[in-house]
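Encoded as structure tokens, the structure appears first; notes follow it.
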Amino acid sequence: MESKQWYMEYKIHKNRPGLLGDIASMLGMLEVNILTINGVEGKTRGMLLESDDDEKIRLLGEMLAKVNSITVSALRQPKLVDILAVRHGRYIDRDSDDRKTFRFTRDELGLLVDFLGEVFKREGNQVIGLRGMPRVGKTESIIAGSVCAMKRWTFVSSTLLRQTIRSQLSEDEMNPNNVFIIDGIVSTIRSSERHYNLLQDIMTMPSTKVIEHPDIFVQESEYDYNDFDIIIELRNNPNEEIIYDTFTASYTDEL
């Protein structure tokens, strides 16, 4: 059988000496490899495991269920959030009602860039919305994520250095393997017909599109939230409100 990766997470009730060694020994006897191990928020530990026998993983879960010092809270094939939790030692904050919404703060930019890098590696069509106030690090995170994924990025519209509204792109820039960066306010509030036609062409391409200010983009265009695969919220602090009224007027003034 082909080797598979598994994510195991357990909560520690009694952190006695030798507990981790006992679990590692159990994994060793079952010939299950430990790829990565890390503490994940408090008394929770996460492991990435590898095994070529699903039955051994099932037995592992049954055996650990008899250990009073811990409770296994997850034993599954790893999701992206599991891999990043082990890598960074913390879970990404996820909306309990809308599971495609992920929240980050500015002090978690490293985690956000890693998350974007992994998402950008995926092939095919995906639309990612990125909410956040001005100068919180949205565009910079997209560029850094593109670098991590070893992909080229293309600005369709932006305010990073100056107001940018593209009406045409070169053949290299239209490569579906690129990451297309779109400012949802610039592209809708006062865009030209030629720019909007280009935008529609890009939206139909089997490629990664990242749209800053997705709420304005939805409000002012033919697209809706169902077109988005992932929504990311980036704040300066967890309590910051993302209020568009405070800065959308400056966009129209500059245009």
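The values are calculated or read from the model by the stated rules, or taken from the named source; none is laboratory data. The structure displayed is predicted, hence computed values, not measured ones. When we count neighbours, we look across all protein chains shown, and the Cβ atoms used for this are built from the backbone with ideal geometry, even at glycine. What goes into the accessible areas is simple: the full protein's heavy atoms, side chains included, and nothing from ligands, DNA or RNA. Shrake-Rupley method; radii C 1.70, N 1.55, O 1.52, S 1.80 Å.
Please work out the Cα center distance from the stretch 105-136 to the stretch 226-242, rounded to the nearest Å.
Using only Cα atoms, the two centres lie 10 Å from each other.
Set the Förster radius R0 to 45 Å, insert the Cβ-Cβ distance between LEU35 and GLU173 as r into 1/(1 + (r/R0)^6), and round the FRET efficiency to 0.05. Working shown, then result.
Details: r = 38 Å, r/R0 = 0.84.
Approximately 0.75, to the nearest 0.05.
Any idea which of THR164, HIS195, LEU112 is furthest toward the positive side of the dipole for the stretch 91-252, if Lys and Arg beta-carbons carry +1 and Asp and Glu beta-carbons -1?
Final value for the positive-end residue is THR164.
Using only Cα atoms, tell me the angle between helix 19-29 and the longest principal axis of the chain; keep it within 0 to 90° and round to the nearest 10.
Helix 19-29 sits at roughly 80 degrees to that axis.
Starting from the Cα of LEU19, step 7 Å along the direction of its Cβ; do the same at ARG106; then give the gap between the two resulting points in nm.
With each label placed 7 Å out from Cα toward Cβ, I get 3.7 nm.
How big, on average over all directions, is the shadow cast by the Cα convex hull of the chain, in nm²?
Working: hull surface 64.2 nm².
It is 16.0 nm².
Rounded if a/c is under 1.5, else prolate if a/b beats b/c, else oblate: with a ≥ b ≥ c from the C-alpha gyration tensor eigenvalues square-rooted, which is the stretch 132-183? If you can, show how the numbers build up before the last one.
On the way: a/c = 2.88, a/b = 1.20, b/c = 2.41.
It is oblate, given that a/c is not under 1.5 and a/b is not larger than b/c.
Tell me, what is the per residue accessible area of the stretch 91-252 in Å², probe radius 1.4 Å?
Values: 7760 Å² over 162 residues.
With the other protein chains kept in place, the stretch 91-252 gives 48 Å² per residue.
So how much slack lies between LYS79 and LEU59, counting 0.36 nm per residue of separation and subtracting their Cα-Cα distance, in nm?
Values: separation 20, 0.36 × 20 = 7.20 nm, distance 2.15 nm.
Additional length available on full extension: 5.1 nm.
For a protection proxy built on the mean count of beta-carbon atoms within 10 angstrom, sort 173-179, 5-11 highest first, please. Write down the numbers at each step before the final one.
On the way: 173-179: 16.0, 5-11: 19.7.
Listed from highest to lowest mean packing, they are 5-11, 173-179.
Taking R0 as 22 Å, what FRET efficiency do you get between VAL72 and ASP52 from their Cβ-Cβ distance, rounded to the nearest 0.05?
E(calc), rounded to 0.05, equals 0.55.
Compute the signed sum of charges (Lys and Arg +1, Asp and Glu -1) over the other residues within less than 11 Å, Cβ to Cβ, of VAL40. All intermediate terms of the calculation are to be shown ahead of the outcome.
On the way: positive: LYS11, LYS43, ARG45, ARG87, ARG90; negative: GLU9, GLU41, ASP82.
Net charge in that neighbourhood comes out at +2.
Taking the alpha-carbon distance from LYS11 and a cut-off under 19 Å, which aspartates and glutamates remain once sequence neighbours fewer than 8 residues away in the same chain are dropped?
ASP22, GLU41, GLU62, ASP82, ASP93
Relative contact order (percent) for the chain, with alpha-carbon contacts under 8 angstrom and 6 or more residues of separation? All intermediate terms of the calculation are to be shown ahead of the outcome.
On the way: 449 pairs, mean separation 49.0, N = 255.
Reported as a whole number, the value is 19 percent.
State the answer as a single residue: which of VAL86, TYR10, ASN178 lies farthest towards the positive end of the charge dipole of the chain, with beta carbon charges of +1 for Lys and Arg and -1 for Asp and Glu, about the Cα centre.
In the chain, that residue is TYR10.
Over the stretch 2-83, what percent of the accessible surface lies on carbon and sulfur atoms, probe 1.4 Å?
On the way: 2260 of 4540 Å².
About 50 percent, which is the carbon plus sulfur part of the accessible surface.
Compute, for the chain, the length of the dipole vector about the Cα centre, with Cβ point charges of +1 (Lys, Arg) and -1 (Asp, Glu) only. Units Debye, rounded to 20. It would help to have the intermediate numbers written out before the result.
On the way: 31 positive and 41 negative charges, 193 e Å.
Using only the charged Cβ atoms, the result is roughly 920 debye.
Among LYS121/LYS209; LYS4/LYS100; LYS14/LYS66; LYS138/LYS209; LYS14/LYS56, which pairs are too far apart, with a Cα-Cα distance over 22 Å?
LYS4/LYS100; LYS14/LYS56, as the Cα separations exceed 22 Å there.
How many percent of all Cα-Cα pairs in the stretch 2-83 sit more than 14 Å apart?
On the way: 2010 of 3321 pairs.
Of the Cα pairs, 61 percent sit more than 14 Å apart.
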